[in-house]
Amino acid sequence: MLRFLLYTLLPCCFVISLLTSVNSNAQQSMDKGKQGSSTLLRIAVAANFTPVLKVLLEDFHKQTSIKTQIISGASGAMFLQIKHGAPYDIFLSADSRRPKQLEQAGFALQNSRKTYAIGQLALYSATKNSLEPLSLEQLSINLLKSPPVRLAIANPDIAPYGKAAKEALNHMGLWQAYQHRLIKGINIGQTFAQVRSKAVSGGIVANSQLVLNNLSGVLIPTSYHQAIEQQLIIIRASKQQVAAKKLSDYLLSAKSQATIVSYGYAEMTLTNNSELMTR
């Protein structure tokens with residue numbers, strides 16, 4: 001169903017690296033969807049939010065009896081897939097830029113773009129046991145001033161969490177010092193896997209990944225980078241717009257927002273939430 005003509009539009013090596021992480025899973029998921037009910041709500045979701053979405057969908061299914069299908073991967077790849085006709089019903093991106101671009105290009109249902117989560121960054125090391133005895137209050141972002149041999153971040157050019165990591169390093173005046181030490185993952189999921197496996201000594205990951213895995217790190221102040229607004233849109237060509245709207249409303253409910261915050265995302269006040277949604 002997915003036809004990618006990108007090889008003639010973008011540098012080949014960029015396309016391959018961008019799409020490799022999701023093509024196989026997305027195709028398998030859609031093949032299963034074809035074999036199942038035609039009323040499946042197909043959810044394209046950023047990799048960082050997928051574990052939390054699965055938790056939230058348990059209650060959503062009970063409340064609505066709506067059947068869903070998750071296609072998880074890099075936001076950039078799914079953005080391109082949607083532009084080339086991928087049969088998704090709702091897109092939960094890891095940023096606000098791509099949903100806004102899809103909205104402007106006519107791919108989104110009018111007024112459906114909403115901010116459903118605010119991501120947070122954290123510095124994490126799976127090798128430095130010396131950090132463990134310290135409380136989070138004692139830990140300082142100054143730890144970054146003793147550069148590890150290599151530092152893992154998501155690719156700033158294509159990954160929202162990577163862009164924020166670059167901004168944080170720039171804020172501290174450390175970006176240039178880290179230029180030759182960076183290991184860039186396709187998305188924040190790959191970056192976390194690199195650090196947790198100890199293939200890389202440390203990295204800047206999503207705080208939600210640490211919470212989900214009962215790990216501790218140093219939370220990077222949100223003032224060090226632009227807000228990681230994770231927005232959703234309902235696909236205009238979807239035949240499941242009513243079901244997609246129910247999911248959107250459910251994710252924005254007070255109960256769901258409390259759950260999202262409990263998994264390491266930043267809290268949105270009512271005022272800020274309104275501002276974010278209309279920005």
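The values are calculated or read from the model by the stated rules, or taken from the named source; none is laboratory data. Keep in mind it's a predicted model, so treat the numbers as computed, not measured. Please note: Cβ atoms are built from the backbone with ideal geometry, for glycine as well, and neighbour counts cover all protein chains shown. With ligands, DNA and RNA removed, areas are computed over all heavy atoms of the protein, side chains included. Shrake-Rupley method; radii C 1.70, N 1.55, O 1.52, S 1.80 Å.
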Inter-part gap, Cα centre of region 147-192 to Cα centre of region 32-103, in whole angstrom, is 26
Relative contact order (%) - criterion: Cα under 8 Å, at least six apart; region: region 145-208: 45
Given the pairs LYS54/LYS239; LYS198/LYS246; LYS163/LYS239; LYS54/LYS100, which span a C-alpha to C-alpha distance of over 32 angstrom in this model? LYS198/LYS246; LYS163/LYS239
Around LYS67, which amide H atoms from residues at least 5 apart in sequence, or from another chain, sit under 5 Å from its own amide H, with H modelled in the peptide plane? LEU41
Ordering of 89-101, 70-82, 206-218 by packing [mean C-beta count within 10 Å, highest first]: 70-82, 89-101, 206-218
Dividing the alpha-carbon radius of gyration of region 163-279 by 2.2 N^0.38 Å, where N counts its residues, gives 1.27
Can you give me the distance in nm between label points at ARG236 and LYS255, each placed 7 Å from the Cα along the Cα-to-Cβ direction? 3.4
Of the accessible area of region 70-128, computed with a 1.4 Å probe and all protein chains kept, carbon and sulfur make up a percent value of 45
So if we plug the beta-carbon distance of LYS246 and THR50 into 1/(1 + (r/R0)^6) with R0 = 22 Å, what FRET efficiency do we get, rounded to 0.05? 0.65
³J(HN,Hα) across region 181-195 via Karplus (A = 6.51, B = -1.76, C = 1.60, θ = phi - 60°), whole Hz, x for Gly/Pro? 10, 7, 10, 9, x, 4, 8, 5, x, 5, 4, 4, 5, 5, 6
Would you please give the residues with an amide H less than 5 Å from that of SER112, counting only those at least 5 places away or on a separate chain, with H modeled from the backbone geometry? ILE234
With a 1.4 Å probe and every protein chain kept in, tell me what percent of the accessible surface of region 156-199 is carbon plus sulfur. 47
On average, how much accessible surface per residue is there in region 183-273, in Å², for a 1.4 Å probe, leaving out ligands, DNA and RNA? 46
